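Coordinate-derived values only; no laboratory data. Quick caveat: nothing in here was measured; it's all calculated off a predicted structure. Cβ sites come from the backbone with ideal geometry, for glycine too, and all protein chains shown count toward neighbours.
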Amino acid sequence: MLATFQWVESSPAIGSGATASSQAVKNTDSSSTAGILSSSGLEEAVGLLAIAEITADASGTLDVYLQTFLLGTWYDIVHFKQTSGGGSAVKSAYVLGPGYSANGIPIGSGTSPALANDTVVGGPWGEKFRLMMVPGSGAAGGSSNVKVTLVAQLPRQWGR
């Protein structure tokens, strides 16, 4: 069984620092806070696919991170491919499985994302997800479009 969730955001302005997603997450009935995907059972997914379509403004860069909530803290789990000026869309997809990636990968937490560009962390995730967006030099607020789709492969329910 598949469940699909989607964020559609505009980039924050330069100088605003890391900014969490704020728009309602589409295709979920249990998100209580704008920008945060909270779905009971999502932590039991057997696999996740994160697809990003990010269009940077003409002059700046934008870093977009997917974070998950574990042990009372938000942690980086994906750093999508960084976009740079020019207005062209960057599309990237990342498979997150229960397996583990290399040990010792530096990650960020809270509002200080630090995962390396174009990197995914394998392993467990929580039942909450959010985006963190960090505008780079020359980025004009609201001029980059961010669409991230998270597809969860949920375990089959007994009796179905």
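Asn27 to Val95: extension gain in nm, 0.36 nm per residue of separation minus the Cα-Cα distance? All intermediate terms of the calculation are to be shown ahead of the outcome.
Values: separation 68, 0.36 × 68 = 24.48 nm, distance 2.00 nm.
Separation in residues times 0.36 nm, less the Cα-Cα distance, equals 22.5 nm.
How far, in nm, would the chain grow between Ser10 and Ile51 when pulled straight, counting 0.36 nm per residue and subtracting the alpha carbon separation?
Details: separation 41, 0.36 × 41 = 14.76 nm, distance 1.64 nm.
Roughly 13.1 nm would be gained on extension.
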Going from the fewest other Cβ atoms within 10 Å to the most, one would list Lys26, Lys147 as Lys26, Lys147
